[in-house]
Structures are given as structure tokens and as C-alpha cells.
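Take a look at the structure set out below.
Bear in mind these aren't lab numbers, they're just calculated from the coordinates by the rules spelled out. Only a predicted model underlies this, so the values are computations on that prediction, with no experimental measurement involved. Cβ sites come from the backbone with ideal geometry, for glycine too, and all protein chains shown count toward neighbours.
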Amino acid sequence: MDAIELLSDYADYLREKKDQGKKIIGFMGHDNIPEELLDAAGFIPLRMIFAGNDDLMHASNDYLPPSTCSFAQSCIGLFSLKPSQYHFLNLIDHFLVSNHCVSDICTSEIITKYFKIPRLNFYISYTQDPEALKYFKLELLDLKQQLEKLIGREIKKQDIIESIRKYNLFKKKLSDINDLDISGVDKLKIFQKAILYGPVILPELEDFIQANNPNHAQNSKDSVDIFFTGCSIFIGDYLINLIEESGGDIKYFDTWVGDAYFSQVFEEEEITSNDDPLDFFVQRFENNKNGDHTVPYYFENKVTQIKEIIKEHQEKKGKKLRVINHIIKFCDHINIFQSFLKKELQEEGIQVLNLERDYSRANRGQLSTRVEAFMEMM
Ligand code: SF4
């Protein structure tokens, strides 16, 4: 299924849900947003995970300076570009303004203000010390109250727990898909679709796993195994195809659309033994040591995590993993980290390509040359 077909089907799905009386909450596509809480209140969570072409990126020029990251610019373009493939975004009822980074908060505020979408607020602590965790819990309580005001009733504890269970199962299936020996292109397509639809797609994920069991492995022995970190590849971006055409095969998507989304799940004993389901979200935030939002140890944690995964892959598969660090131009979080990451990993003999780019079509040739050169070196 290509991106156009996916978007068209998704638009039909959302329209059907709206006809059934469902409301939609949009938000930027990073981690730490408790979508289970939105789901428990009866809303459809909709992550902005669409970016990758220059039309969307340039359509933000009236709202944001060109020194804003290309992803944030594209999120504005989703609403300002006319005619648009993303007209289903007009169905969004509320937009959640959060602070993953400066670009995230500015973009979310612009979307709510200039495209007249009623706003919800959810601020995330930047540290994970006990005081920051208390603040995070207060924000969760506040978000719960904002949602309750909208629906005119209390969100029951049992509904939050059921939603956590549902998302748990869904994320575990995505982890199973991550372990399949299939191409990175196929993996990314199913991750993107799943994150868009949410747990409703569970039966399709099960069928996918069944159809791609080890007897159907499609892995090419000649390809270069890649650990992909940094910024995500969103729906509409050509980067995954470019990497594959250059001989690379992404084995790990260490990004918001990837491992950062599905790696944190809860065991049933934890769920049944905890009194307040909001504490799960606090716990998940505290455990998110490799996420780029939190300081002070993100850089060190990320390097340690990458080294461990690379070692494990070598032991299991007998193949080296090379690192592509994807830096969307002007992404402060990932940009600032690139020299440190390269130096630390290269000292261990791990090859790293820092791939900084925006979504300009004109850059494709240059990008392709850099990726091909990296693959040839291997
Ligand atoms: S600056 Fe980076 S983290 Fe922030 S919105 Fe852009 S891509 Fe996401």
C-alpha cells in the first residue's frame, strides 16, 4: 500500500468514526503523550506523522521562520496547503499543545490559533527527578480534567486500565513485528499505519506476523544492516526507499515512529497491583531514559543503548550494524548530539553516518550520493 492509498483509506476511516459521533484529538508525533488517556475518554488520538516533501515544508513560510525544523514546518503545511491530501485533518476537534521541543510548542500553538482548532494543554517536565515526576503527575491530572470537561463526565479508572491493556497488546505486536526478519521498508510501512490507526488494527498486525513468519524471511544477505536513530521517517518521505536502493536495510528504527513508540509496555501484574492508572504514565515517563526530550543524561544513555543493541545484533545475526543518525535540519534535539554520537561510537569501531537534511526535492541527489558512499565503504 502506498502513502496515497493509506491516507485515502484513513480519511474514510475517520469520516466513518465521526459519523458515529467520535471526536478527534490531534498532536505532534513525538513520545510522552498519554494516548491511552485520550482513548479512555472516548477520543481518537491522531499523531501528526506526515512529512517528507517540500510542498508541505514551504507552505509554512507565512507562519514560521525558515530556521524552524522541516518537520515542524511540514506540520503547519498540513493545514495551510490547499488543495491538500490531508483534508481529513479538518475533522480534528481539538489539538493538544505540548512541549517536546520549542518547535513542537510553537507549531502546536500556531495550528490551534490560526487554523482555529480548540486547544488542550499538556506540559512535560524536562528532568526526571522526584519533583519533576510530581509535576508530570499534576499535568496528567489536569489533562484528565480538561478531557472530562469536554465529555461532561468522569473518566473511569477502569476505562483507563482497559485502554492501557489494549495499547499494551498493540505495542507488543509491534515489537514482535520489529523482531521479524523482513525488510526495513516493510517494517516502517506497517509501523506508520499502526501508529496512525492505533489498536483497532490489531487483527491486521496478527495476520502480518503470520504471513511473515521465519519461513517467509525476505532478508537479503548482501544488504548492509542499519541501526536508524535520530528523527523519524514520516508518511510521505522517500528516505527509506533511498536507503534501501543504496543497499541498506534498516533493522532497528530507534525513533518516535519505531522503538521509542512501542518499547515501553507494562506487565499484567503491574497493572493489577497499581491503584492509580495515571501512575503508569509517570512510570513510563521516568523509564524513558533514551528519549531526546529529557535531560541531563540523554546523550550518555543513548550511546550506551546503541552499543548494547549493536553487540546483541552481532551475537544473534553474525552481522555488523551500522548507524545512520537522521537529523532533520534545525532539529535542535538531534542536531546538538551528532558530533558526540559519532565520536563515541567511532571510538568503538562502529561506523556512523550523520545524515542532516531538509525535505527539499533538490537535495535528493546529494543525499543519495552520501548514503551510497557510506554503503560502499562497508
Ligand atoms: S525540532 Fe526535532 S524534536 Fe522538535 S519538532 Fe522538529 S524534529 Fe521534532
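Put in order of Cβ neighbour count within 10 Å, fewest first, the listed residues Y359, Y197 become Y197, Y359.
Could you tell me which of the pairs K116/K166; K193/K289; K166/K307; K193/K320; K116/K149 are separated by over 24 angstrom between their Cα atoms in the structure shown? Exceeds cut-off: K116/K166; K193/K289; K166/K307; K193/K320. Cβ crowding within 10 Å ranks L140, L169 as L169, L140, fewest other Cβ atoms first. When a/c reaches 1.5 or more, the comparison of a/b and b/c decides; with that in mind, is the range 173-257 rounded, prolate or oblate per its Cα gyration tensor? Oblate.
Candidate cross-link partners of K137 among the aspartates and glutamates, defined by an alpha-carbon separation under 12 Å and a same-chain spacing of 8 or more, comprise D276, D279, E286.
Highest mobility in the GNM of the chain, judged by mean-square fluctuation with C-alpha springs under 10 Å and restricted to C331, C231, C101, is found for C101. For the residues G152, G258, G236, a GNM of the chain with alpha-carbon springs under 10 Å puts the largest fluctuation on G152.
Per residue, the chain reaches -16000 deg cm²/dmol at 222 nm when only DSSP H runs of four or more residues are counted, each adding -39500 (n - 2.57).
When the Gaussian network model of the chain links Cα atoms closer than 10 Å, the mean-square fluctuations of K134, K149, K342 top out at K149. Each of I110, L143, T369 was scored by the projection of its Cα onto the charge dipole of the chain, and the greatest displacement toward the positive side belongs to I110; charges sit on the C-beta of Lys, Arg, Asp and Glu. Using the Cβ-Cβ distance between D129 and K157 with R0 set to 41 Å, the FRET efficiency from 1/(1 + (r/R0)^6) comes to roughly 0.90.
Going by neighbour counts of Cβ atoms within 10 Å, the residues F115, F88, F79 line up, fewest first, as F115, F88, F79.
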